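The values are calculated or read from the model by the stated rules, or taken from the named source; none is laboratory data. Remember, predicted model here, so these are calculated numbers, not experimental data. Glycine also receives a Cβ, built like all others from the backbone with ideal geometry; neighbour counts cover every protein chain displayed.
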Amino acid sequence: MNEAPAALSVRNLSVHYGGVYAVRDISFDVAAGEAVGVIGANGAGKTSTLKALLGLVPRTVGGLRFGDTDLAKVKAHDMVRHGIGYVPEGRHVFVGLSVEKNLLLGAYCRPWNKATRSRLDEAYDLFPMLRDMRGRLAGALSGGQQQMLAIGRALMSRPRLLLLDEPSMGLSPKLVEDILAVLQRLHREGLSTVLVEQNAKLTFEAASQCLVVENGAVALSGTSQELQHDPRVRKIYLGL
Ligand code: ATP
């Protein structure tokens, strides 16, 4: 996909639940600092792809490397220590804990020191409204605010690669714009990202390269610029 050395390299990734394939032989690279989008209709296999990268679902994979690390050998709970951050679909914030405690939990594998403290400040700089709400229960936040909190929490571990699962789901157009601005800022700061979305418009703006998945397989791939004008994308989405 790109001439730069791959930060993440995925080869022949498959997931099957019982006898049914949800993901079949997906391969892609994410170069250092690159944003790659994975789009597709409901049930296409996007979430399963992300969960399979993290080892959260049974998978087979021909190769899975992140820099010098063989991620195929890393347990799901250790992914964060290898620089992989995850923003799950549906946010999964701890509703009974304060905003600040949710953020701090994102840094649980790091010592409480000046660097972690400055990470908290960076999260508040990225999402100023979280600073204003730092003492409030996460369960009292709106869906959009919880999404910001989920992203902020994932950033607390200082990931080098961030995996995001449908961050725009259920959000107003204005909040989708806010999420896009945050993703573009993180990209400018050099973070590598994999963005899984049903919202193709957002993804084409946030990512430089995209995969279009259909029935668990890559139906199309290319630059966002190419794909946003490709009539086959609409066909795959709408089944026309
Ligand atoms: P959505 O946009 O709805 O999240 P998706 O593209 O993320 O969809 P997946 O959630 O990965 O798709 O699902 C891919 C296929 O695998 C679907 O047919 C789904 O019903 C099936 N599937 C997902 N999780 C499981 C599971 N735990 N057990 C059995 N089948 C599953």
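Brief remarks on what is shown
- Of all residues in region 22-38, those that are of a type in the set (Gly, Ala, Ser), more than 10 Å from the ligand (Cβ to nearest atom) and crowded, with 19+ Cβ neighbours inside 10 Å total 3.
- Test for LYS73: is it within 23 Å of MET148 (Cβ to Cβ) and out of contact with any helix residue (DSSP H, G or I) (no Cβ under 7 Å at 6 or more places or on another chain): no
- Among (1) in contact (Cβ under 8 Å) with a residue 60 or more places away in the chain; (2) outside any loop (DSSP other than H, G, I, E, B) - the single one GLY33 does not satisfy: (2)
- Summed over region 188-204, residues that are surrounded by 18 or more Cβ atoms within 10 Å (Cβ to Cβ) and part of a helix (DSSP H, G or I) total 4.
- Subset of region 145-175 (residues that are more than 16 Å from the ligand (Cβ to nearest atom), touching a Leu at 6+ places or on another chain (Cβ under 9 Å) and without any contact (Cβ under 8 Å) to a residue 40 or more places away in the chain): GLN145, MET148
- Among the numbered conditions (1) polar (S, T, N, Q); (2) exposed (fewer than 15 other Cβ atoms within 10 Å of the Cβ); (3) part of a loop (DSSP other than H, G, I, E, B), the only one that SER157 does not meet is (2).
- Taken over region 39-51, the criterion of being assigned to a helix (DSSP H, G or I) and either more than 10 Å from the ligand (Cβ to nearest atom) or out of contact with any Leu (no Cβ under 8 Å at 6 or more places or on another chain) (or both) is satisfied by LYS46, THR47, SER48, LYS51.
Let's see how each residue does on (1) crowded, with 20+ Cβ neighbours inside 10 Å; (2) of a type outside the set (Asp, Glu); (3) at pLDDT below 95:
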{"site": "ASN42", "(1), (2), (3)": "no, yes, yes"}
{"site": "GLY63", "(1), (2), (3)": "no, yes, no"}
{"site": "ALA107", "(1), (2), (3)": "yes, yes, yes"}
{"site": "LYS114", "(1), (2), (3)": "no, yes, yes"}
{"site": "SER142", "(1), (2), (3)": "no, yes, yes"}
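- Which numbered condition TRP112 fails, given (1) away from the ligand (no atom under 16 Å from the Cβ); (2) in contact (Cβ under 8 Å) with a residue 40 or more places away in the chain; (3) farther than 23 Å from GLU189 by Cβ: (2)
- Count of region 52-73 residues which are within 16 Å of the ligand (Cβ to nearest atom) and either among the aliphatic types (A, V, I, L, M) or part of a strand (DSSP E or B) (or both): 8
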